[in-house]
Structures are given as C-alpha cells and as structure tokens.
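Every number here is computed from the coordinates shown, using simple stated rules; none is lab data. On a predicted model such as this, the values are computed, not experimentally measured, just so you know. Neighbour counts are summed over all protein chains in view; Cβ atoms, including those assigned to glycine, are modelled from backbone coordinates with ideal geometry.
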Amino acid sequence: MSLSEQLKERRYQEIWDQYCGFLDLSMEEYMNIQRRLMEEQIQLWSNCELGRSILKGKKPKTIEEFRQMVPLTTYEDYADILLQKKSETLPGNPVIWIQTTWEGGRHPIKLAPYTRSMLDVYRNNVIACLILSTSRERGKFDIADTDKILYGLAPLPFATGLFPLALNEEIGIQFLPAVKDAVNMSFSERNKAGFKMAMKKDLEFFFGLGSVAYAVSQSLSSMSQKGAIRPSELLKYKPYMLLRILRAKQRCKKENRPLKPKDLFHLKGFMVAGTDNWCYKDDLEELWGVRPMELFAGTEPSISGTETWTRNGMYFFPDTSFYEFIPEEDMLRNLEDPSYVPRTCLMDEVVPGEKYEIVITLFKGGAFARYRVGDTYRCVGLQNKEDHTKIPRFEYVDRVPDVIDIAGFTRISKNGIQSVINLSGQPITHWTALKEYNENNRPYLHLYLEVEKNALISHAVTTDIMKSLLTTYFKYIDQDYRDLKKILGMDPLCVTIVRCGTFEKYKETKGKEIGKMNPSPYELRELLELQKEQRR
Amino acid sequence: MQNYSYISIIALFFYCFIFLTFLAAKKVKIVKYFLLLVATMICWSGGSAFMRMDIYPSYIFWYHVSLGGLLLMPYAYFLFVNAFGDREDRFFNGLYGVFLMALFVLNIPNGTLLRWPEMVERNGEIVFVYQYTWKVAVLFGSAAIVVIHCFINIIRICRKDRWYLKQFQPIVLGILCLFAGNLALLFPVFHEFPIDILLGIVNAIFLIYALLRKRLFQLKLLASESACYGVGLILTFLLYYNLMPYITKQTALWFPEAENYYIMIFAVLFLFTFWILVFLWQKIMGNLFVKEEAQHAEKIRRFNNQVAKSLHVDEILADTVDIIQETVESANIYICIQDRDSGDYQARYSNQPLNDLSFTIRKDNPLVKIMERNDGLLMREFRSMIEYKAMWEEEKRNLQNLRIEACIGLRDEQNIVGILLLSNPPGNHRIGRSDLDMILMIASSASIAIKNAHLYESAYYEARTDELTQLLNRKYFFEILREEFEKNEDGSLALAIINIDDFKLYNQLYGTQAGDNALRGIAQIIKSSVGESGYAARYSGKEFAILLPKYDVFSAQNLVRSIQKQIFQMTDQTVDYKLKVLTISAGISAAPYAAKSVEELLENADMAVNHVKRTGKNGIEIFDTVLRENLIEDVEDHKNIYKGYESTIYALTAAIDVKDHYTFSHSNNVAHYATSLAKELKLNSDMVEIIRQAALLHDVGKIGIPEAILNKAGKLTEEEYEIIKGHVEASIGIIRHLPSLDYVIPAVIGHHERYDGRGYPRRTVGENIPLSARILCIADSFDAMTTKRSYKDVIPKERALQILEEEAGKQFDPKLVPVFVCGMQEGRIQMANEAGERK
C-alpha cells in the first residue's frame, strides 16, 4: 500500500512505525540490521569484478574478515570502473547513475551507481525525513497528498534530483515548479518560478542546502518587494494567500522591516542538507519561523541520517550502509602519515564526545565498500531522554581536515590550492589555508601566504591583487566555486600576506613545517606571533 | 390537477432519472458534486410538488425540504464548478457549506427568515400565501453571494485556460435559465404556472450536456441489461405512483364504461411505459458509451498525429506511455524493444523514471509466441494456458515482481518488434479485455512510428559514427569542428589528436581482432573522459580527435593526460595473457591562442603529434608558442627493446638442445625461414626480431613430451596425438613465466592454427590469427617437410613448395604462400642447411 493510500485511510500509527520505527530500535536490534544486511552485501560485493579487483584474491566470509581484508577506499579505487559505467562488473545492476563534481580528482566528475533496491531504501528514508520534519513529538506528524514543496534542489543527474522522483513514487506531493519543468531552468529561474507559484498556491515544505535556502529566502524578500501583484494575475491567487500577502505587507510597513517568508508561509516542514548548516540555522528559523531539520545525504552514501523533532543530533538509518568510524586521533595520524592504517569502530563502539571520520559500506548492491566519504561527525550521546532513543546520536562537524568545504558548495583540496597558486604565476613561496567564519557566521577560506622577497621589486603584490588573481583561478579550475559567487553572492576568499621569512622561522623553531590545510588555531597563532618577533 | 403538480412531478421524475444514471457512474469528485447538485434539485422540486399535494407528514415539512434544496443548490453549484474547472478551494468549500446549512437550520423552528406559507383556499383551489419580511434578504442574499463567487470562479478558470470557456457555456446558460425562471415568477402572467421548475429542468439538461461535452464519465457499468431493467422498473413505479390518481380520473372521464377493465388497462399501460423507459435508457447509455469511445478515439487520433510527426524513438515511447496512462489506468508501464542482434526484448522505457529497466524478455519466451498469434494477453489468462507450462521459474518471477497484468505486442507485419507491459492500477480496478483492445489500437500506430523513428535514428547514427568505435566519424567530425569554431570565435576551442604508438606492430603481434578490441577500449576511455564537455571522433585508422569547446590548452592537456594514463593501464587488466602496453602520442592546439582558422588548428595539432612521434613517441605535445611545454616522459629506445632478451632465449634453446636435438635444429631452421619470409614481406625490424625469437621458442613445450612419442616411427594413436597437440599450451606455460618475453606468445600460441579455422588450440580463423603465427606456420611446416624424421623421409624442396601452394587458403595464409614460394624460387630465401653452410 502506498503512502498516499495509507494517508487516505488514516493509518497514521502504521505510517510512523513503517518509516520512523528505526528510532525505537535498541542498540542490539540496530546492530542486528546492520550485520544482516552487511552479510548480504559481502556476498554480492566480494563476488563481483569490482570487489575482486580490490580484494586481490582474498575471500572474506565474515564481517570481521571483510574489515580486515578490504582496505579503506577512496573514489580513486573505483574510478576506472565507475567512470566507464561498467555495469556488469558491479555488485548490483544500476538503475541510475548519479553525478557529482570530483574536486581535485583526475576526472571532472564522479559517478555513483544506484540499484533499484538502494532506491527503495532511499525512498523510504526520504519519506522518514519528510515525516520527521513535520513532527513535534513521537508519532505525531502532518503530511498530506496535496502538500506542496519548494524545489530548491539541483535536478538529475545530481543526487538531489532523486528526491522528487523517489517521493512521488509514494505520495503525490507537488513540487514547485514541477520537476519536468524544473530540469530545463537555471537555478535562479527555478527559484523565481517556485516562489511565484508558492505565493499563489501556498507552500507546506521547503528543502535545500542550508546556504542555498538562505540565499533563496533572501531573494524572496527582494522579489516580493519589487513586483506588486499584477491585477491580471489577481485571479490566479488563492484568496487567503492574497489576504496573507496584504496583511504581511502592512505589518512589514508598520514594523519597518523587509518581508520575510514566515509572513507569507506557514511551513509544516523545513529540511536542510549540506555542510555549514549550523551557520544558517538560526537565520533560517528567523526567516521562516520554523527551525530547519538537518538531514545527511551525499552522492556516494545516498541518504544516511536525519534529525528528529528535537532538532538535537542526528541518527543514521540502519539500512542504508554499514557504518564504521575512524577516531579523530587515527584520522589525524593517517593524514600525516598516509601509510598508517587507521582503526575503525562500529556503531555500538562509539564514545560520546569523540569526533570520527565516517567510513561506509553501501548495502543493497551498492558499489562502495569501506569508503571514506570525507565527513566527520561527533557522537553527542548514546541515548536520549528527550526523544527516548537508545541508539547513538551524532552531529555533523565538517569535512575531513584536508578538505575545505565552503557552504556545502565546493570542496577545496591542497592540490587545488597549489594549482591555483601555480597558475596565478605569483611568487608565493609558502602558504597555509584555513576555514574560518566571519562575524555573521559565514564560512570563508583564509589563505595565509608568503611572497618571495626578491620578487617584490618586480611584482605588484598587494593583498587585493593576490585576492582577485587567486579568485580568478579558483573560478577557473572549479565550477562550483564560480557558482558560489553566482548563486550565493559569496566571495569566500580572504588573503593575508605574512611577513617574508615567517614560515622558515616557524620550521626552524618547531622543527617541522606548518600544515598546509587547516592547521590548528594554536599553530596558526604561533605562526603569526613569529612575524611579530621578527619585527622586534 | 394543476399545472403545478404535474410539472413538478415531471421535473422530479427527470431529476431522479439523472440521479440514478449518475449514481452508477464512477465516483470521481466531479460526479459526486453533480449528484449533490441533482439531489438539491430533487429536494427543491420534489418538496415543492409534495407541499402542493399536502402529502404526509405535512406541507410544512415539504416546504422545508424544498427550501433546503433551493438554499443548498448554489452551494452545490459552487462545488461542482470548482471540480469542473479542477480548482481547489477547500476553505470556501467548507465555509459556505456550514453557513448555508446554519441558515437553513435556523429557519426550521419558527421560520425566522422566511416563514412557511399559509394554505388558503381560493375559488376551490388551494393557494399558498407567503409573508415576506426584510429578513428574507439574508437568506437569499447569502445564496446570492455563493452564486456570485461561483461566477467569479468560472471567470478565473476560463481566464487561466481558454479551453474552459466553451466547456462552461452550457452551465452558465443553465444557471441563467434557473434565474430567469425564478424572476419570471414575479410576472403575473406566470402566476399560476411553475415556470421556475420548468426552467430548472432545462437547466438540468444543460448540465448533462456540459458533462457529456467534457466527456468525463466511464458509464460502461450502466450499459448492462439488468441495470437498465432495474432502473426502468423504479422509474415506472415512481411515475405511476404519482400519476395514478390523475390517470384514473381521466380514464373515468373519457371511458366511463371501461371501469371494470381499469386494472387491465393500467397493467398494459404500466408494461408499455416500462418497456419504453428501458428502451430509452438503453439508447441513452448506448449513446454515452459511444461518446466515451469517441473521446478515446479523439485522444488516439491526437496521439497518432503526434507520433507520426516525431522521428525520435524516445519521444514516441514517452507519448505512447502517456496516452496509455490517459486511456487505461496502469501503475507501471514498460516498453521493451527487440534487440537487433540477439532478437531478445530489452526494456527501454517506463512511465516511472526510477523503474528498473535492466530486464530482458528472451525471444523464445512462450509469451512472445502467444503474442505472435494473439496481439494482446492478460496474465491471468496466460496462467491457464498450456504455454505457461514452458515458462521458466525465473521468467514467471520476473513478471510477478513487476506486477505485470497485461502484455501487448508491437508489430511490424508478422514480427513482434516490441512488447508493452502493464501493471494493474492502484486500488481494486483490474485491467480487462476492453482496456486491452484500447491499447492494441495505440500499439498498432506506435509500432509503425517506432519502426520509422528507429530506421531514421539508426541511419542518422550510422552516417555520423564510426562503426568500430562508436565515436563520431571523420566526416561528421569536420562538420562539428567548423560549427564549433564559428560558435566559439569569441571564446576558446581546444583540439587534441591522439595517435596510438606502434599500433601496426600490435596488430601484427596479436591479430586484427585484438587490435580492434584495443581501439574499442581506447575509444571507450576517451568517450567517458570527454563526457558532455566535448566531442570525440575516430580521426583515422589509429588516430582519435577530441574537440573541446571552451577549453584552453591547460585544461585540454589535463584531460589528455588523464586519458593517456588510463590507456596505459588498460592493457594491464586483460586476463587472457599479458598484452603489450599501448602508449599514445598526442598533440594539442587551441584557438584563438595559436590558430585563427579550422585548417590551422588541425595542422597545428597534427604537427604536434608528428613532433612527439619523431622524438620517441609516448608523450603529449602542445603546439603553442606561448605555453610551449615539453611533456615527453619515459622516452625509450624502441630499436633495441626486443634485443635485450637474447640470453634468456639462448638458455631456453640450450635446454631444448639437451633434451631433443632435432627440435633444437628444427627451431633454428624455422627461425631462418620465418625471418626470411618476414623480410620478404618488408616488416619492420622489430617485428622480424620478434618473429625470430618466437620461432626459436615455438616448440619449447616439447621438452615435456616423452621421447618415445616424439620419435615414434609409426602412426600416432589418438591419445598420443593429443599429447603432441599439448605442446603448444606447454610452450605458453613456460614462456608465460618470462614476462619480458610475453610478446612472443601470440606467434607461438597460433602456429598450429589453420587459416580455415580447423587448427588447434584455439581454432582461430583467417586474419584473426596473428600475422606472426601465420608466418611461423608456413616456416614450421616447410622445415618439417624438408627434413628427415624417424617416421618419414625427406620431401624434396619443389614438392614441398607445391604442397604449400596446394594448402594455401586451407592450412596456410593464401597471401603469404606466394611470397614464400616466390622468394624460394628466386633465391632470396635459401634452404636452411644451405644458408647454414654458407655462414
């Protein structure tokens, strides 16, 4: 029975149990699901050509053997097979190939295959998110077949494009604008069309990247300020929407503030995904009047977890993939010494307060095994009295330290920065890069660099010139960086030129060079202190 | 009897008729609201009639029924109009309902808003006298608001979509009639005549007309015989129950003498009316039924037009799926198209974008056989057919998993070129025979359109693609190049040409089939690397071109470098035996930096490739004076690459010598003949060297064969012959362990293959046998014939050459034999013993 039919027959308890029942699992039951599905996946994966190419003759039988025999993998290990879409070599038959950019990779894009069974799990978990986004307490939710959702997401072949298709297999939720129209629109056209429709028909859901949702919300206030409603279109509006628009305008005039989405819409559910959501959540709540619920999804891991009505930490779905966690200590050691093999622990071995890098093995014939997604999470508790759960709860921290992710839009790697510097032709001798946040809580990339002393005579090297030059080349090598400016209106680069000789001095005093990506604030402070010392 | 009564009765009768008709229709929203509307009309006219007749319980009760009907009618209209125009107006739907109902209920106890009339007898006739107060305005004013809102909605709907303008005309006319009727009551002319009710009937007719025009109904259900009789009976009863006193009165007046036969007359009349009503009912149903078919026919006609115009298979498949969904409800629709090579039916399109299309229906599936006979088939019927017994369990399971309920063949004359698979719609409805007939109509035009589009697409595709690599062909590439050059005059356009190094040698080593496979592999790598960002073409035999709009030299170089790396790794993954690693020489040029015309761009890239070739191959060169960068890596001296293994070969041949001196000298002889033939063929020095080494090692596997068999004088038994045949595999077994010598494997493994495909061990045919192996085969046989063995005498040189010629095209390559014979006869190739002596 589809969700639509269940809703029609008002089987609310059944719906809740079916989709959100995983929240009632005990640790043991949760691990039982993980292990059962993992055993199935080991069979599928070990017997396909892709698996054999990584296993190199070994044949794992148990989960423990699998964890020993399969090395931790990255996309590089799968690129040859996946980029050429060699379906016959995969553990499951792909129904659709999802695409994402491969920053710093040897190919512009990454491709990830989805099997039909993976899509079934994906669909159920997407519905779970939809339900949870409307719930205010256990078992209570509010969704209807006639609800409308603003389509603030990239269409296929990107992972977000699966969302409407999967959802519409079960429920008739209407996307604004309709998916088949949205695929032919640019990002801003899509938003404009979506909002126009929402103003006429009302809106119940909104889902987007946190940063994008914020940008979109702001464009709404400017949109509604600019265009008064044309009389010819008056009849297309629902009367109560007209009433709301009028009232909202009046109120804003009285309070002397711009129009906010919450004046017009009373959302049932608000979902955000991506990195840096915490910087936007408060602003988004202020704009929409609803606290966004965070969910965790990606191209390779599909949809992996969601927050609940408490909006306080997320839970991983038990049936998407097998989770392993690399403790922070091992992750950092592995960053310094790539030959070191980090330990991993399982869901029932995580410790509250500890930060972990996540490693997944997809279930249901997925291609990725012991795959390092590149995200870090902190375990915030093993049980929760507030929402009565008995499984570990996590919060998203950020990407792994050697990748700088800005607003969920682009991932900047060490190689990326180095090639930008090379391309710019500037006489930069040393650099280190950090992700920092400005006073409005917005993330940016802070590049500390040192210029060759002798070149100062022949080159113009002001901070502004550096910044604009490097920005130009970041845009050149990275399409997403370009979109950052275009879509979010962000300029995420900040350049600080460090006094000549400081990096050398650091090496002398510390005995090692400062890390190029995300050195600890302590190390950075030391570096900056050193230039003062030099002055003295 | 007054006009009032019988007009009311006729109206009531009419409304009931409509109500019952639509009661059996499928309960979509619009039909439900229409029923509600008719129900209010029944209350109104029925209440009014019964009030006048003062029927039990009281005229006041019937007054309320009538008023309720009248009051709620605008509300029913409001709902109906919204449903008719596909509008959602939940708020007002609720509000008006509650409000009007509240007014109605408020009026019941005391008649606060409009009091029931007084019954007064005037001139022997009963007349109702109403007492109006200002409060009545509240009652009818409210109703008027709803009516006005209803009109506003109609205007809105029509503005949004002009199509509705025509659809709403009869409804608006109907409402106007209703109004006119009520207004007319104010004129004394109509004082005694129920003009309002009469025009109400007209209104109802208009409504039905509107519904028919919109063609919304599935009235098939009503066409059944029993339903017709049932409804006829109910209507006749209703009619006679009401008209009986009147009829009796009239009969008594006109035919007083027939009093005794009243019952009889009545029965005949009843039967007659009943028959007429049933007949009328059937006629109406028949017409409605035809209408629905006409509506479907109209849809199908539109579909036919649409697909006839399209030449894109995917577009046609999408249209086909859409029309099927419109006419027959189905949750999942799949279209499978016959694969031209295998003949199996591969799923190609589905109405749900995420449906799994990886399944195939084999051409020998019993389902296909039945469809050849039957066109369409319901699974539930199929299960009881004898052919179902021949279904594989997996085939059954597949269809069950997809929940297929109906299969329809797409035909091209006698052949089934595609299969339509449909699942049942959600809910209880099941696909039936009539649905199947509808789909068959669609399928017949779809299959023609698909066939045409297929032909067009494949012709289009073939004219533009290279058959072997599936990349663009040279001709089309030039077309694209010119187009893109013009398009990107203000931007940039990069061109890379990739030339495979030593590909001729590769072909000679492993045969053309392996060469073709390598080309296909490289094409695949290039295609997947370029993706959507540019065009890839087969530029010439072993050259590929990549055109990258908006790319500059830097980005193009990165891409080509990634391709280079992948090609380098490609041959590593072959499982059969290790193939020679392929390298590429690539040249890149980009406009506008170094070229201002298409010709210049091509020339630059070509020159860059030539430069790499001259300077040692395996590299990427950029033709650009500004960014000139030499990226040649791993330059090796190709000349001596194959000479480094002399010592290994010596060691192996020495081992043969110890074990079997004959084989040792035979190998040397074969090396002599083979290299001589290779030189006659003008092969390059690398190839000649490889052939020499292969000849020396070709029988190394004989080390493992017992001497008794090797030197047996008589005929070999079958078992012994099998052992001898095993020496080829044994040779490979030995050479395989010397990775540096793997390049001789193709020659060794193929030297007992026959040109006609009857050799061993792999039974390869013709030019698929590597050239080196074909050379070795001639040299090997010639030496075997011209030397003495324990089991045979020497065959003279002339006779041996003659045998070679006789076997040309059977055992030997017919092109190589004349070269060898000619070389022998003209003295360029000498007998091995003579050559040895001379040295």
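Would you mind telling me the antiparallel percentage of the DSSP bridges in the protein assembly as shown, rounded to 5? Mind dumping the intermediate values first?
Details: 101 of 129 bridges.
Looking only at bridges with both residues in the protein assembly as shown, the antiparallel portion is about 80 percent.
Bin by bin, in steps of 5 Å, what percent of the Cα pairs in the range B:643-838 do you find, going until the bin that has the longest distance?
1, 8, 16, 21, 23, 17, 10, 3, 0
Local charge sum around A:Q426 (other residues, Cβ-Cβ under 15 Å, Lys/Arg +1, Asp/Glu -1)?
Spelling it out: positives minus negatives among the neighbours equals -1.
Which pairs, out of A:K148/B:K487; A:K86/B:K396; B:K702/B:K810, put more than 30 Å between their alpha-carbon atoms? Display every interim value, and only then the final one.
Details: A:K148/B:K487 41 Å; A:K86/B:K396 28 Å; B:K702/B:K810 25 Å.
With Cα atoms farther than 30 Å apart: A:K148/B:K487.
For the range B:3-217, what's the radius of gyration and Dmax over Cα atoms, in angstrom?
Rg then Dmax for the range B:3-217, in Å: 17.4, 57.
Starting from the amide H of A:T429, placed 1.01 Å from N in the peptide plane, find each other amide H under 5 Å away whose residue is 5 or more places distant or on another chain.
Distant-sequence amide H within range of A:T429: A:E450, A:V451, A:E452.
Using the Karplus curve 6.51 cos²θ - 1.76 cosθ + 1.60 with θ = phi - 60°, what ³J(HN,Hα) values do you get for each residue of the range A:376-388, in whole Hz, with x for Gly and Pro?
Listing the rounded values in order: 10, 10, 10, 7, 9, x, 9, 9, 9, 6, 4, 10, 6 Hz.
From the cross-link list A:K253/B:K160; A:K201/A:K260; A:K192/A:K249, which pairs have alpha carbons spaced over 22 Å apart?
Numbers: A:K253/B:K160 32 Å; A:K201/A:K260 17 Å; A:K192/A:K249 19 Å.
As for pairs spanning more than 22 Å Cα to Cα, those are A:K253/B:K160.
Can you give the charge dipole size of chain A about its Cα centre, rounded to the nearest 20 debye, using +1 on the beta carbon of Lys and Arg and -1 on the beta carbon of Asp and Glu? Display every interim value, and only then the final one.
Numbers: 75 positive and 73 negative charges, 407 e Å.
That gives chain A a dipole magnitude of about 1960 debye.
P(r) for the range A:403-535: what percent of alpha-carbon pairs falls in each 10 Å bin, starting at zero?
Going from the shortest bin to the longest, the percentages are 12, 43, 34, 11, 0.
Where a Cα-Cα gap under 15 Å defines reach, which aspartates and glutamates qualify for A:K505, not counting those fewer than 8 residues away within the same chain?
Cross-link targets: A:E450, A:E452, A:E513, A:E523, A:E526, A:E529, A:E533.
Suppose we look only past 25 Å in the calculated P(r) of the range B:700-806. What percent of the Cα-Cα pairs does that tail hold?
Numbers: 1445 of 5671 pairs.
Summing the P(r) of the range B:700-806 above 25 Å gives 25 percent of all pairs.
Can you give the Kirkwood hydrodynamic radius of the protein assembly as shown from its Cα pairs, in Å with one decimal?
Values: mean 1/r = 0.0254 Å⁻¹.
Across the protein assembly as shown, the inverse of the average 1/r is 39.4 Å.
Would you kindly derive the ³J(HN,Hα) couplings of the range B:122-137 from the backbone phi angles with the Karplus curve 6.51 cos²θ - 1.76 cosθ + 1.60 (θ = phi - 60°), listing them in order in whole Hz, with x for Gly and Pro?
Per-residue couplings from phi come out as 10, 6, x, 10, 7, 10, 9, 10, 8, 10, 8, 10, 5, 5, 4, 4 Hz.
With the Cα gyration tensor of the range A:3-399 giving a ≥ b ≥ c as the square roots of its eigenvalues, does the rule (a/c under 1.5 for rounded; else a/b larger than b/c for prolate; else oblate) give rounded, prolate or oblate?
Values: a/c = 1.94, a/b = 1.76, b/c = 1.10.
The shape class here is prolate.
What's the local net charge at B:C777, with K and R +1, D and E -1, over the other residues with C-beta under 9 Å away? Could you put the intermediate results ahead of the total?
Numbers: positive: B:R754, B:R774; negative: B:E753, B:D780, B:D813.
Once positives and negatives cancel, what remains is -1.
Shape of the range B:19-118 from its Cα gyration tensor (a ≥ b ≥ c, root eigenvalues): rounded if a/c is under 1.5, otherwise prolate when a/b > b/c, or oblate?
Details: a/c = 3.52, a/b = 1.53, b/c = 2.30.
It comes out oblate by the Cα gyration axes.
So if I place +1 on the C-beta of Lys and Arg and -1 on the C-beta of Asp and Glu, and nothing else carries charge, what would the dipole magnitude of the protein assembly as shown be about its Cα centre? I want it in debye, nearest 20. Before the final figure, lay out the partial values.
Details: 163 positive and 169 negative charges, 709 e Å.
Rounded to the nearest 20 debye, it is 3400 debye.
Please state the equivalent ellipsoid semi-axes for the range B:274-422: what are the square roots of 5 times the Cα gyration tensor eigenvalues, largest first, in whole Å? Before the final figure, lay out the partial values.
Working: eigenvalues 208, 91, 40 Å².
Ellipsoid half-lengths, sorted descending, are 32, 21, 14 Å.
Using helices alone, I'd like the mean residue ellipticity at 222 nm for chain A: each DSSP H run of four-plus residues gives -39500 (n - 2.57), total over residue count, nearest 500.
On the way: 21 runs with 222 residues, N = 536.
After summing the helix terms and dividing by residue count, I get -12500 deg cm²/dmol.
Using Cβ contacts closer than 10 Å as the measure, can you line up B:S790, B:S445, A:S321, A:S219 from fewest to most?
Values: B:S790 10, B:S445 20, A:S321 30, A:S219 16.
So the residues, fewest neighbours to most, are B:S790, A:S219, B:S445, A:S321.
Given the options A:Y280, A:L484, B:V321, identify the residue whose Cα lies farthest towards the positive end of the charge dipole of the protein assembly as shown (+1 on Cβ of Lys, Arg; -1 on Cβ of Asp, Glu).
The residue sitting most towards the positive pole is A:Y280.
Work from the charge dipole of chain B (Cβ charges, +1 for Lys and Arg, -1 for Asp and Glu, about the Cα centre) and give the residue of B:Y650, B:T512, B:I276 farthest towards its positive end.
B:I276
From the helices alone, meaning DSSP H stretches of at least four residues, give me the mean residue ellipticity at 222 nm for chain B, per-run term -39500 (n - 2.57), in deg cm²/dmol to the nearest 500. Walk me through the intermediate numbers first.
On the way: 29 runs with 501 residues, N = 839.
Computed ellipticity for chain B at 222 nm equals -20000 deg cm²/dmol.
Rg and Dmax of the range B:465-636, using alpha carbons, in Å: what are they?
15.4, 50
Using amide H atoms built 1.01 Å from N in the peptide plane, name the residues 5+ places from B:D344, or on other chains, whose amide H lies under 5 Å from its own.
It is B:D339, B:K363, by chain and number.
I'd like the Karplus ³J(HN,Hα) series for the range B:821-826: coefficients 6.51, -1.76, 1.60, θ = phi - 60°, whole numbers in Hz, and an x wherever there's a Gly or Pro.
4, 4, x, 5, 5, 8
Which whole-number percent is the relative contact order of chain A (Cα, under 8 Å, 6+ apart)? Write out the running numbers ahead of the final one.
Values: 942 pairs, mean separation 74.7, N = 536.
Here the relative contact order equals 14 percent.
Would you mind checking the range B:678-721 for residues with the amide N under 19 Å from a putative spin-label position 7 Å along Cα→C-beta of B:V658?
B:697-708
Consider all pairwise Cα distances in chain B and report the whole-number % of them above 40 Å.
Numbers: 227561 of 351541 pairs.
More than 40 Å apart: 65 percent of the Cα pairs in chain B.
Set the bar at 27 Å for Cα to Cα. Now go through B:K682/B:K792; A:K140/B:K29; A:K236/A:K268; A:K196/A:K486; A:K414/B:K542; A:K281/A:K355 and name every pair that lies beyond it.
Details: B:K682/B:K792 34 Å; A:K140/B:K29 29 Å; A:K236/A:K268 23 Å; A:K196/A:K486 21 Å; A:K414/B:K542 38 Å; A:K281/A:K355 22 Å.
Going by Cα-Cα distance, B:K682/B:K792; A:K140/B:K29; A:K414/B:K542 fall outside the 27 Å limit.
Treating the beta-carbon of each Lys and Arg as +1 and of each Asp and Glu as -1, no other charges, what is the dipole magnitude of the range B:4-129 about its Cα centre, to the nearest 20 debye?
Working: 9 positive and 7 negative charges, 89 e Å.
In total the dipole reaches around 420 debye.
Any idea which of B:T764, A:T410, A:Q13 is furthest toward the positive side of the dipole for the protein assembly as shown, if Lys and Arg beta-carbons carry +1 and Asp and Glu beta-carbons -1?
Comparing the listed Cα positions along the dipole, A:Q13 ranks first.
Mind checking the range A:361-459 for trypsin sites (Lys or Arg not before Pro) that DSSP puts in a loop (not H, G, I, E or B) and that have at most 10 other Cβ atoms within 10 Å?
Answer by residue number: A:K385.
When we measure straight from the Cα of B:K797, which lysines land under 19 angstrom away, once same-chain ones fewer than 8 places off are left out?
Output for B:K797: B:K788.
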